[in-house]
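The structure under discussion appears below in the form of structure tokens.
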Amino acid sequence: MTLTDNRTAGENPLMLCFDTSTAVLAASVCRGAEVLASRHSHAERNHAVRIVSDLKALLKEAGVGEVDAIAVGQGPGSYTGVRIGVSAAKTLAWAWDKPLVGLSSLETLAMAAGPYLRGEKQAAEADPFAARLTGQPVWIVPIMDARRGQVYGARFETADGSVWRRLDEDAIRLIGDWGSALAASAAEAGAQLAFVGEIGPHAAALAALEGAVALPLTIDAGEMGELAAERLAQGLVDDVHRFAPNYTQLTEAETKLGDGARTEGQA
Amino acid sequence: MAGSAGGEVIMMANVSEKKDGSLLLAIETSCDETSAAVVRGGREVLSNIVSSQIETHRRFGGVVPEIASRKHVESITVIIQEALTEAGVSRQAIDAVAVTQGPGLIGALLVGVVAAKALALALDVPLIGTHHIAGHIYANRLVGDIVYPALALVVSGGHTELVLLPEEGVFKIIGRTRDDAVGEAYDKVARALSFPYPGGPHVDKLAHQAEEEIVLPRAWLEDDSYDFSFSGLKSAVLAEINRTKMKGLEPSFGALARGFQSSVVDVVTTKAMRAAAEFGARQLLLCGGVAANRGIRERLAALCGEAGLPMLVPPMSLCSDNAAMIGAAADLKWRRGQFSSLDLAASAQVSLEAWSVTL
Ligand SMILES: [Zn+2]
């Protein structure tokens with residue numbers, strides 16, 4: 001649930017941002033879009049152990065005592081991983097009495113393609129992004145592996161990596177079907193299709209798609225500052241107590257029980 | 001050391017002047033209860049909020065770990081807030097944060113541990129990772145003085161243990177179940193007797209109402225053993241039901257419940273009394289969710305009475321999983337300045353003996 005909050009955190013809010021939905025424990029301290037300090041550790045399965053001491057060290061490194069707001073990756077991604085970040089963020093926001101901003105982990109992942117689109121970073125896989133110079137739109141499709149041929153994915157459109165528009169909501173999808181459908185509509189729309197994120201487990205399926213590029217990228221917490229600042233500027237913050245991960249799907253047990261489980265789960 | 005699982009960091013902070021009036025905020029999320037409490041001086045419960053998920057899990061016939069974890073995240077800050085509000089205490093007044101680090105469901109524990117660590121960072125106070133079973137045992141300190149050496153009989157859905165406390169804060173496990181926990185056995189038998197989950201209390205009630213008893217075997221194990229085993233007894237109940245049905249008769253659930261309860265009570269209380277005598281216990285502590293079981297509670301009270309051994313048992317609200325008991329146990333470490341690092345890890349399996357205070 002999103003609330004409007006009148007505690008506008010000023011022009012350039014000081015924010016503690018983190019995301020634990022993937023194998024990367026990503027955290028940053030940002031002032032608006034400016035990154036004051038960031039850390040990215042790849043110690044999978046260790047997020048619950050490291051999260052709080054990493055945040056403490058990061059605040060110290062940035063020379064910051066108190067922040068104006070907390071921004072956290074709300075998922076989708078690893079269930080346990082997302083819960084770790086969300087639990088830490090809710091508690092910090094509550095204890096400090098600061099606004100909480102939930103961000104889509106997939107949107108943050110998509111933003112990692114920004115520097116390549118803007119030409120600030122280079123990679124062979126990103127060469128087709130040069131197409132942007134011709135005015136061709138680019139569809140950035142962030143994906144995370146969700147096992148059994150599935151991915152958590154979304155779709156964003158950008159012309160030059162600075163202005164973005166969301167085209168598809170975060171959801172769990174079969175990469176085979178969804179990939180082909182995306183490739184067909186990209187061809188029709190004359191858009192350059194680019195999958196970014198956890199490419200590895202789906203490399204074969206993606207390679208089979210005509211005209212698509214795949215760029216293995218990981219979440220960059222530095223990208224969260226700008227996204228969070230935009231939401232704060234609009235007064236779009238989350239209700240700390242009711243804030244919960246976006247899992248994009250019911251648990252297996254609930255699915256098996258059928259529809260009866262759905263409504264009661266809200267109680 | 002800081003990176004080790006549950007790495008205990010000894011920081012002899014200057015806490016002596018607050019020794020008695022310390023305010024601990026405790027959090028417990030080891031299974032399907034989200035709980036937070038404020039406890040003063042390890043003895044006085046200012047608040048103890050417990051949000052049970054039982055209605056949610058009942059539909060699945062047992063606790064679904066993924067759902068338990070999801071529910072904990074949804075309610076954690078609400079419950080902490082309620083605990084402070086009911087205690088009439090501000091966030092800033094909290095001296096330390098205590099949390100169950102294990103044992104329990106790992107995904108459920110993680111939520112409480114991460115929240116507790118975030119709270120310790122935000123409020124800049126020490127963190128005390130606490131053993132769940134130490135919590136059950138020290139729930140007794142919320143109702144009376146513990147006299148050492150003491151013997152604790154821990155009976156719950158996940159645990160059946162005989163623990164010797166030679167002195168305050170020191171735990172020695174002298175017996176434990178080799179298969180099912182008592183509460184688990186009760187729930188399984190309850191299912192066989194067609195009771196809904198969780199059925200343990202139904203079996204207890206039925207056993208008391210029954211006029212006849214089908215005598216079932218007792219698992220004494222080796223002569224000198226304080227261990228327990230309940231899976232054979234559970235199988236005996238199932239076998240008896242099948243045998244009766246094969247004869248085309250209706251099994252007497254009452255007589256079976258009574259037979260099952262008699263066997264459990266007999267073994268559990270006899271071993272507890274034998275251990276109390278052997279180790280010279282000056283007090284017997286009954287605790288854990290199944291301590292509410294009338295059969296066990298009444299027999300143990302009678303045996304303790306005969307032996308002249310004082311017995312403590314917390315009220316029901318402090319027997320089932322709750323955060324006040326975690327605050328009571330954490331006080332052992334608070335008074336000794338033995339705190340956890342922010343790298344504290346939740347753990348499904350964690351040693352009670354190793355959690356003993358450093359002398
Ligand atoms: Zn328990």
Spin-label pair B:D223/A:A208, simplified geometry with 7 Å Cα→Cβ offset, distance in nm: 7.1 nm
Shielded residues, the stretch A:80-111 - accessible-area loss of 10 Å² or more between chain alone and all protein chains, probe 1.4 Å: A:T80, A:R83, A:I84, A:S87, A:A88, A:K90, A:T91, A:L92, A:W94, A:A95, A:W96, A:D97
26 Å Cα-Cα threshold exceeded, pairs from B:K205/B:K271; A:K98/B:K117; B:K234/B:K271; A:K56/A:K98; B:K188/B:K245; A:K256/B:K234: A:K256/B:K234
Accessible area buried, both sides summed, chains B and A with 1.4 Å probe, Å²: 3100 Å²
Accessible-area composition of the stretch B:147-313, carbon plus sulfur, in percent [1.4 Å probe]: 52 percent
Top positive-direction residue, dipole computed over chain A with Cβ charges, set A:V101, A:L25, A:P13: A:L25
Hull shadow area, averaged, the stretch B:147-313 [alpha-carbon convex hull, nm²]: 9.5 nm²
FRET efficiency, A:A43 to B:A277 (Cβ-Cβ, R0 41 Å, nearest 0.05): 0.20
HN-Hα J in Hz across the stretch B:218-223 - Karplus 6.51, -1.76, 1.60, θ = phi - 60°, x for Gly and Pro: 10, 9, 7, 6, 5, 3
B:K172 accessible area, 1.4 Å probe, all protein chains in place, Å² to nearest 10: 100 Å²
Per DSSP, loop trypsin sites (Lys or Arg not before Pro) in the stretch A:70-148 with at most 16 further Cβ within 10 Å: A:R118, A:K121, A:R147, A:R148
Percent of alpha-carbon pairs separated by more than 26 Å within chain B: 50 percent
Net +/- balance of residues flanking A:P245 in space, Cβ distance below 9 Å, scoring K and R +1, D and E -1: +2
Inter-label distance, nm, simple model (7 Å from Cα along the C-beta direction), A:A123/A:E61: 2.1 nm
Karplus-derived 3J(HN,Hα), 6.51/-1.76/1.60, for each residue of the stretch A:19-29, Hz, glycine and proline x: 9, 10, 7, 10, 5, 9, 8, 10, 8, 8, 10
Partner chain coverage, peptide B:334-345 - average Cβ within 10 angstrom: 2
Förster radius 56 Å - calculated FRET efficiency between B:K247 and A:R242, Cβ distance, rounded to 0.05: 0.50
Of B:P315, B:Y148, A:G200, farthest towards positive along the dipole that unit charges on Lys, Arg, Asp, Glu beta carbons give the protein assembly as shown: B:Y148
Within 10 Å of each Cβ in B:75-86, the average number of Cβ atoms from other chains: 3
Environment charge of B:E33, counting only residues whose C-beta is closer than 10 Å and scoring Lys/Arg +1, Asp/Glu -1: -2
HN-Hα J in Hz across the stretch A:154-160 - Karplus 6.51, -1.76, 1.60, θ = phi - 60°, x for Gly and Pro: 8, 9, 10, 10, 8, 9, 9
Estimated FRET transfer efficiency when R0 is 25 angstrom, pair B:A302-B:R176 (beta carbons, to 0.05): 0.55
The stretch B:147-313, dipole about Cα centre (Lys/Arg Cβ +1, Asp/Glu Cβ -1), debye to the nearest 20: 380 debye
Length-normalised contact order of the stretch B:147-313 in % [C-alpha pairs under 8 Å, at least 6 apart]: 28 percent
Whole-angstrom gap from the stretch B:48-82 to the stretch B:314-359, using each part's C-alpha centre: 21 Å
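The values are calculated or read from the model by the stated rules, or taken from the named source; none is laboratory data. Since we're looking at a predicted model, the values are computed, not measured. FYI the Cβ positions are ideal-geometry reconstructions off the backbone, even for glycines, and counts take in every protein chain you see. Heavy atoms of the whole protein, side chains included, go into the accessibility calculation; ligands, DNA and RNA do not. Shrake-Rupley method; radii C 1.70, N 1.55, O 1.52, S 1.80 Å.
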